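The block underneath contains the structure these notes are about, expressed in structure tokens.
Each value in this text was obtained by applying a stated rule to the coordinates, not by laboratory testing. No experiment lies behind these values; they were computed from the predicted model shown. In this analysis, Cβ positions are derived from the backbone assuming ideal geometry, glycine residues included, and neighbour counts consider all displayed protein chains.
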Amino acid sequence: MRRFILLLLAGLLLAEPALPAAAQSLPDLGGSMDAVLTPQMERRIGESTMREIRYHDPSYVDDPEVTAYLQGIGERLAEAPPGAKQRFEFFGIRDNTINAFALPGGFVGVNTGLIMAADDESELASVLAHEISHVTQRHIARQLAQQQQMQLPTLAALAAAILLGRSRPDLAVGAAAAVQGASVQSQLAYSREFEREADRIGFQRLVAAGFDPHGMPDFFEKMERYTRISDDSSFPTYLRDHPLTPERIADAENRADQLPYRQHIDSLEFFLVRARLRAESGDAQDQVTHFRDVVRDKRYSNEAAARYGLVSALLRAGQAREAEAQLAALRATHAQSPMIEALAARVRRSLGDRAGALEMLEKAQLRYPDWRPLLYAYVEALQGAGRYKDALAALADPVHRYPDDERLRVLQAKSYAALGKRLLQHQAQAEVYVLQGSLPAAIEQLQLARSAGDGDFYQLSEVDSRLRELKAQHQREQREEKQR
């Protein structure tokens, strides 16, 4: 796997057309970045790495509720001035170490350990703002542009080593070893210049998005305390990837102190996500005991989140009746969140009341129409009740609004299959494979759709058009493969 990912990433770079020698000697910034790593190349590398993480890394957090929260706060930061001219995707990694990392092309990963270590939402937001700024300022490309003496194949391997050093430290060693004669270890961390730039621009994003500006220096100070009290085994990974200096800490404090006081009220979802991650970690019964103690002793910063964690842990431990009783106590706090509605539906389902769970989800969908995890749960409940036509009706608009949402396409394909609509099933499944980066499998699905025998003229025309498009794309990629 280690060698495969290195070759994959290096190959993506080498597949780009060779550049003339003059183009490789441009100034450090501006055009020279694109001579080494264009924005299109960055996106392709990020997408390829994300596919490996999403489908082959067991630590990837495949939890739509956690992902929705990270995506929401991340997009809020990315859209804040100075703004970002690209799409971002935020995701979680189930790892207790304190770390976050940015991949080329707009992919930002956050360890669950960092989410748990953040005392408030502004601390978490400050880290995301910093990572977003590494991407928007194209620090990996600029780093590589400074290595002008290297040949393109070496730069390709170095690019793989740099990005793997942030997202997959276990793979970075193999990637680094493949770059002969290069000072790779010195490249695995961002330069001090780039760290300062990400701090400065990230701080602007943090403030513009309405978070507490002290979130950044507070997090830095927390990391500094870790360095004083931690041994090597518990040393935060974040500090190895983003080494703190007294100058960085002082700059963050000075920037925050120069602004008027601004109180940021943490969202309920911040506390609920932390409770959810805690409830789903370790032994289920241990977590039940933990949350019972927290609720009994009132050792919480948010009562609703503590009770949410207890209900979640009880469900995980198979104690549905007790979870129902504790859900009533959670309701008594009057906390309002789509996450609580989804949890209530899970309690109903665990009690065997599928109809009641479906009714809850239907009402919650009307109340929170833009929160996709509820839509996923609602459609799955409709499918469980055999209401596949209703499931397709619920999916019709979201599939067009969110064409890159693989989960929606999977639910769509399943509904079509249950109704015996073979052309539409294969057509939907083809889009799943496109999103997974498997064009041959997508092409095969469209060919099956053509021969399904149950499509009308317009459906077949749409399939043929998409088939021609994917075949042309696949041929381009094959030509690039031969050029490597």
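Structural remarks
- Highest average packing first - 412-418, 209-215, 426-432, Cβ atoms within 10 Å: 426-432, 209-215, 412-418
- The simple Förster model, with R0 at 51 Å and r as the Cβ-Cβ distance, assigns Thr245 and Arg296 a FRET efficiency of 0.70.
- Karplus-derived 3J(HN,Hα), 6.51/-1.76/1.60, for each residue of segment 251-265, Hz, glycine and proline x: 4, 5, 5, 5, 4, 5, 5, 7, 9, x, 4, 9, 8, 10, 7
- Annotation: extensible slack from Glu469 through Gln285 equals 61.0 nm (criterion: 0.36 nm per residue apart, minus Cα-Cα distance).
- Overall form of segment 275-334: oblate. Here a/c, set by the Cα gyration tensor axes a ≥ b ≥ c, is 1.5 or more, and a/b is not larger than b/c.
- Between segment 427-484 and segment 374-395, the Cα center-to-center distance that results, in Å: 26
- Spin-label zone in segment 207-222 - amide nitrogen under 20 Å from a point set 7 Å from the Cα of Arg196 along the C-beta vector: 216-218, 220-221
- For the pair Arg225 and Phe457, label points projected 7 Å from Cα toward Cβ lie 7.3 nm apart.
- All Cα pairs of segment 255-404, percent lying beyond 19 Å: 58
- Amide H within-cut-off set for Glu89, under 5 Å, with H built and near neighbours excluded: Phe107, Val108
- Here the spin labels are modelled as points 7 Å beyond Cα on the Cα-Cβ line, and at Asp397 and Glu444 they lie 3.7 nm apart.
- FRET efficiency for Ser59 and Glu322, using Cβ-Cβ distance with R0 set to 35 Å, rounded to 0.05: 0.70
- Tyr60 long-range amide H proximity, modeled H, under 5 Å: Arg94
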